[in-house]
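> This structure is in structure tokens; I'll ask about it shortly.
The values are calculated or read from the model by the stated rules, or taken from the named source; none is laboratory data. Every value quoted in this text rests on a predicted model; they were computed, and no experiment measured them. Cβ atoms come from the backbone with ideal geometry, glycine included; neighbour counts cover every protein chain shown. Just so you know, the surface numbers come from the protein's heavy atoms only, side chains and all, with ligands and any DNA or RNA stripped out. Shrake-Rupley method; radii C 1.70, N 1.55, O 1.52, S 1.80 Å.
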Amino acid sequence: VHTGGTTGVHKGVKLSNYALNRTIHDHNYLVDDVVEVGDSIYNPLPPFMSYGITTMHLALCKKLYMYMVPAANPNTFGDEIASLQPNIIYGGPIHYKRAKDSSKLKEAGLPNTKVIVSGGERVGISEEKENNAFFTSLGVHDEIYNGYGASELCGVFSVKKGHSNSATSVGCPFPHNNIKICDFETGEELPYGQDGDVKLTGDALMLGYTNEKETDKVIEDGWFLSGDIGHMNEDGELFITGRKKRQFVSGVDKVYIPIVEDAIESVSEVAKCVVVGVSDEELRKVPYAFVELKEEYRDNGLEGVIEERMRTAVANKLPETSIPKYFDYNPEFKYTGNGKIDFMMMEKIAEEKINQSHKVNIK
């Protein structure tokens with residue numbers, strides 16, 4: 001299968017039959033009490049990606065009907081699930097975000113949908129609440145199953161099982177998978193509740209990349225180095241709080257981008273926020289925030305008041321250097337082919353906007 005290419009390069013991943021079968025077997029923990037033979041499943045992602053092939057194999061093993069589309073388009077996702085009325089829905093945050101704009105879906109509802117699974121991208125607190133409220137209004141009785149995984153681990157590794165798990169968590173690892181949180185410097189395993197380096201292993205682990213030299217960079221003593229930052233609680237639930245690549249040094253302080261995003265999204269007027277690091281006139285890296293306000297707060301002249309709330313929310317958690325220097329209220333979020341935010345492209349857009357103008361919607 002192929003990775004999503006969030007770093008700009010798609011890698012070839014070699015998965016074993018054993019890994020794929022064990023991953024599907026472990027899905028019993030997730031869906032066996034709600035899914036029945038003959039139920040229908042819909043996943044818009046292609047089968048040459050881990051998330052797609054795992055879902056296809058699940059459908060075959062559980063004797064489910066699987067709807068497939070020749071081209072995945074998040075803009076038509078809402079209309080598609082409105083027409084198909086699947087019992088199980090797989091997708092990414094971009095699919096569920098665009099689904100909320102579908103008048104056809106709002107009219108039809110989803111009275112027969114049992115499970116909605118989301119993966120591929122970390123979801124902020126505000127977006128998770130908004131998504132759950134929307135699908136509850138359509139007749140779905142449980143919260144979205146937010147999942148976590150990687151192409152190198154058959155796509156899905158742990159999943160929040162609706163109401164059964166804590167908000168903002170990605171649930172517990174599948175039964176045959178293991179997670180440990182380690183100190184970045186020493187490699188020692190950390191206690192519950194403490195953020196560290198997320199390392200993963202288990203039956204789902206890949207055989208390696210097609211480029212063997214790349215494999216050695218991410219496998220250490222049988223553990224996959226995810227590149228994610230997170231912690232676990234005493235119930236074994238995993239919380240992803242960031243990505244090692246999504247942090248940078250501004251002056252003498254580290255800027256932890258996902259924490260900045262969460263702080264900004266905690267402001268009630270904010271619908272979504274993406275933060276990137278850009279160079280300022282002093283040639284140091286500073287935060288640039290793409291902020292999408294909720295519809296009722298757009299173009300009403302209150303950006304200054306809302307911005308002050310966002311600055312305060314960040315300052316309450318982090319050093320002053322983490323407060324965005326630039327706030328962009330006309331964001332155009334860019335996504336990769338598998339529905340993840342394309343941070344490299346967003347960073348380029350921010351740099352271009354700074355070079356072009358410091359006046360229009362940028363402060």
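> One residue is enough: does region 4-14 have a residue meeting the conditions touching a His at 6+ places or on another chain (Cβ under 6 Å) and of a type outside the set (Gly, Ala, Ser)?
Yes.
> Which members of region 32-50 meet the condition of being hydrophobic (A, V, I, L, M, F, W, C) and either part of a loop (DSSP other than H, G, I, E, B) or exposed (fewer than 15 other Cβ atoms within 10 Å of the Cβ) (or both)?
Within region 32-50, 34, 35, 37, 45, 48 qualify.
> Consider region 138-160. How many of its residues are open to solvent by less than 20 Å² (accessible area, probe 1.4 Å) and either at positive phi or among the β-branched types (Val, Ile, Thr) (or both)?
6
> Of 10, 57, 25, which residue is in a loop (DSSP other than H, G, I, E, B) and open to solvent by 10 Å² or more (accessible area, probe 1.4 Å)?
Answer to the check: 10.
> Is it the case that some residue within region 193-200 is within 21 Å of residue 54 (Cβ to Cβ), among the β-branched types (Val, Ile, Thr) and open to solvent by less than 10 Å² (accessible area, probe 1.4 Å)?
Among the residues of region 193-200, at least one is within 21 Å of residue 54 (Cβ to Cβ), among the β-branched types (Val, Ile, Thr) and open to solvent by less than 10 Å² (accessible area, probe 1.4 Å), which makes the answer yes.
> Could I ask something else about it? How many residues does region 269-318 contain that are part of a loop (DSSP other than H, G, I, E, B), open to solvent by 70 Å² or more (accessible area, probe 1.4 Å) and over 20 Å from residue 353 (Cβ atoms)?
3
> Can you tell me which residue in region 238-289 is nearest to residue 317 (Cα to Cα), limited to those that are over 19 Å from the mean Cα position of the chain (by Cα) and of a type in the set (Asp, Glu)?
253
> If you don't mind, there's one more thing I want to ask. Of the residues that sit in region 60-104 and are over 23 Å from the mean Cα position of the chain (by Cα) and aliphatic (A, V, I, L, M), which one is most open to solvent (accessible area, probe 1.4 Å)?
Once the filter is applied, the top-ranked residue is 60.
> Residue by residue through region 110-137, note down the ones that are open to solvent by 10 Å² or more (accessible area, probe 1.4 Å) and over 16 Å from the mean Cα position of the chain (by Cα).
Residues satisfying the conditions are 111, 112, 114, 133, 134, 136, 137.
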